[in-house]
Structure formats: C-alpha cells, structure tokens
C-alpha cells in the first residue's frame, strides 16, 4: 500500500535528506467506529531536495485511499472561501486574453465552487475533474459537469476531443497533492494556447516556515512549494510563472499564474519580490526548513507547559479537522483529551484512532463543561474561541494553536 518516492518531484534528483521527523499518524479525517481495531499509522517525515530545495514527503499512500468516502472537504461550506474565489476569478479575468465565453477546466474541482464563480464572472463553459465521490456528486447536483476521476493522459485526450481549445486551467491545491508533478504540468501545458492562463493555489512555504504551520502537513499534502523550486520546474514543462498573489487562506497560501513560454509574457514584479524574500529567509538552503523544525518543537514544549496545570480536569478538543490527527499526535494530546466535538454527522460517534476519545456533537460542550478546550480546527481559531466563550462563559480556557500558542 505505502510506496516511497526516491527522487525529487520537481527536478528528479535523488539528493533527498530528512529535514523534519514527525510521528507516525493516521490518515486525515479517518477515525475509528465502535468495535473497529486501530487503523494503520503512516509516516509524515519531511524531506528537502539538496539540488533544488523542494520540500516533500517521501512516503506516499494510494490516492484512492486518500480521497475515499472519508474525504469530506467542500469549500462551498465556508463563506470566506466563497468570497476568496470571487477575488481569484477577478485575477484570472485580468490575465485572460479571450474576449468572451472562455472554456475553463478545473483539476481537483472539489464541489465546483471555483468553476461556478468563473462561470458567473466570465460566462465560461466549465468542466471539473475530481476523484473524490462526495464533492463530485455535490458539484453535479449544482449543475457543474464533473468527471469523477484523476487527471491523467486519458483525461487530457478526452478534454481535447471535447473542446477545440482550453482558455483557463486551474489546479487549486492539486500541486500539493500530486505525486507525479512532471507529468501533471506537462499535460496542463499540452491543453494550453498562447492566450491561455494556468492558475494554481498552493500552501506557500514562506508561510509554513515563518508561522510554523504544522497544521498544513498531512498525507495528501505531499509537497510544500517555494518559487525558487517551482519556477525552474515549470519552465522545464513549457510554462512561465508570470504573476503570484499571496493570500491568507489555510494560514497562508499563494496563487500562481502561468502562461506558455511561447506566449513570451513579461514576468511581474510580484514574482521577483517573493524570490528575494525566499532567499532572505533561507528557502534556498537548509536554513529555512531548519527554522520551521525549531519553531514547531518550541511550540510543542509550550503546549505541554500550558496544559500541565489542567491535567486531571476535563479537557476537550474542538474540531475533528483534517489536521487534527497530526496535531493530536505531535502535541501528544491523545492521553489528555476526554472528548472532541465536531458538527459533522460523518464524524460524530467515531473515535480517535489510538485513544479511547469519542467524537461528540458540539452540544457536548455545554453538557460536559470542560475547563479547557483545545482548538484543533486551527484555521477557524478566532470564530471558535468566540463560540466556546459564549457557550461556556468567560472562565473556560481555550488553548489556541494558531496564530500563536496561547491560553486565553
């Protein structure tokens, strides 16, 4: 089941060195049902390519397991992402050299939210590609044509048969998920013409390093990207990165915009400025990822110090989020948690994998009145903290893991 990549995803070098050792962890969003034996644990160790400085996982699970029926993430459920995609669509419109009715293909289209936004903004003809059944089924129910499959050579062949040209190709967070990026980017380029735009959103390594975003590490995120390693990779695949836009989703991300090299498009100042920043913080050497390791180890000690006075009291976790399994394992929260709350019916009634910790509905907070609640759904820390304080009163302590470790 588990395979190991022995070369860099971007430059194909075998010069990979262990940068950050992390605990063996259950797959994101996977929890035990009553009576089920413990699920397998898999490595999440982070490696650095000494040739191009790319950051990646080596141990790879089959995509069919990572994006199975337990994959429940849907951006349409997040109002902030609805607004984010409106902004994103405006950026695409400014770069697109097409007068009307462009063809837009979204790889990893999820529940179709971005495609719907492009259709509203551009009057576009749209097609989604996504292997996860629940999001793809929801997208189709909303009128977004979605092929439930992985992006492959055969997919590209059928897209070419379907459309005479493709004007916009998007792949949001797919670059973090894809093990075979060389084939992926080459296939994307083969669908484009000189007026096309390729846009892709990714967890930005600058934010991961500077903010210690351990919550962005899970098994489907097999890479963390910097421009220093992405730009030469894209050029080898026939693409020029022409613009980059930093955004605040998922703790800190970026949207890249690329065109074919043959389009001879001028590279914007946004690209050169971020390259300078990446060099400044050491992403062209081992220094950057070393600072990330030091940050998260210091954060681990801080969490232990803050929880220690409350051991023996009722301690809850808020949110069985995609990052929760690693956060619980890395910060060694399993033995101290009494329960975790989540409003997803797909998760309530299940259990953490390695501990007898149930996942209960949010109503359990008021029923059990914990003295400390740990915010595991770290992206929504501010909103969750307010909700907990309103439910349990000002005396309850909330342990925040983002944007900094603190107890309030």
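Taking the highest mean first, how do the peptides 43-50, 126-133 order by number of other beta carbon atoms within 10 angstrom per residue? It would help to have the intermediate numbers written out before the result.
Working: 43-50: 19.6, 126-133: 21.9.
Most protected by this proxy first, the peptides run 126-133, 43-50.
What FRET efficiency do you get for residue 82 and residue 391 if R0 is 30 Å and r is their Cβ-Cβ distance, rounded to the nearest 0.05?
Details: r = 26 Å, r/R0 = 0.86.
Given R0 = 30 Å and the Cβ-Cβ separation, E is 0.70.
In percent, how large is the relative contact order of segment 311-407, given Cα pairs closer than 8 Å and 6 or more residues apart?
On the way: 164 pairs, mean separation 27.4, N = 97.
Relative CO of segment 311-407 lands at 28 percent.
What does DSSP give for segment 242-367 in terms of the percent of beta bridges that are antiparallel, rounded to the nearest 5? Mind dumping the intermediate values first?
Numbers: 6 of 11 bridges.
Just about 55 percent of them are antiparallel.
Considering the chain as a Gaussian network with a 10 Å cut-off on Cα pairs, which listed residue, 316, 224, 286, attains the greatest mean-square fluctuation?
Answer for the Gaussian network model of the chain: 286.
Full-extension gain between residue 194 and residue 39, please, as 0.36 nm times their residue separation minus the C-alpha to C-alpha distance. List each step's numbers first, then the result.
On the way: separation 155, 0.36 × 155 = 55.80 nm, distance 4.84 nm.
Stretched out fully, the residue 194 to residue 39 stretch lengthens by 51.0 nm.
With an 8 Å Cα cut-off and a minimum separation of 6 or more residues, compute the relative contact order for the chain in percent. Display every interim value, and only then the final one.
Values: 812 pairs, mean separation 59.7, N = 408.
The value is 15 percent.
Please figure out what share of the DSSP beta bridges in the chain is antiparallel and state it in percent, rounded to the nearest 5. If you can, show how the numbers build up before the last one.
Values: 30 of 56 bridges.
Beta bridges within the chain, antiparallel portion: roughly 55 percent.
Based on the alpha carbon coordinates of segment 311-407, what radius of gyration and maximum Cα-Cα distance (Dmax) apply, in Å?
That works out to 12.0, 32 Å for Rg and Dmax.
Taking only the Cα atoms of the chain, how large is their convex hull per residue, in Å³?
Details: hull volume 55.1 nm³, N = 408.
With only Cα atoms used, the chain gives 135 Å³ per residue.
In whole angstrom, note down how far apart the Cα centers of segment 101-173 and segment 1-71 are.
So the separation of the two Cα centres works out to 27 Å.
Report, in deg cm²/dmol and to the nearest 500, the calculated mean residue ellipticity at 222 nm for the chain, where each DSSP H run with n ≥ 4 adds -39500 (n - 2.57) and the sum is divided by the residue count.
On the way: 14 runs with 139 residues, N = 408.
So the helix-based figure for the chain works out to -10000 deg cm²/dmol.
To two decimal places, what compactness ratio does segment 228-339 give when its Cα radius of gyration is scaled by 2.2 N^0.38 Å? Don't skip to the answer; put the middle values down first.
Values: Rg = 20.5 Å, N = 112, 2.2 N^0.38 = 13.2 Å.
Segment 228-339 yields a ratio of 1.55.
Where is the GNM fluctuation largest for the chain (alpha-carbon springs, 10 angstrom cutoff): 117, 25, 164?
164
Using Cα pairs under 8 angstrom and six or more residues apart, how large is the relative contact order of segment 1-98, in percent? Working shown, then result.
Details: 110 pairs, mean separation 27.1, N = 98.
Computed value for segment 1-98: 28 percent relative contact order.
Please check: in the Gaussian network model of the chain (C-alpha springs, under 10 Å), which one of 366, 136, 189 has the largest mean-square fluctuation.
With Cα springs under 10 Å in the chain, the top fluctuation among 366, 136, 189 is at 366.
Which order do 196, 141 fall in if you start with the one that has the fewest other Cβ atoms within 10 Å? Mind dumping the intermediate values first?
Numbers: 196 24, 141 11.
Ranked by crowding around the Cβ, least crowded first: 141, 196.
Arrange 54, 177 by Cβ neighbour counts within 10 Å, fewest through most, would you?
Values: 54 26, 177 19.
Listed from fewest to most nearby Cβ atoms, that is 177, 54.
Throughout, read-outs are computed from the coordinates displayed, never taken from laboratory work. Model, not experiment: these values are computed from the prediction. Neighbour counts run over all protein chains shown; Cβ positions are idealised from the backbone, glycine included.
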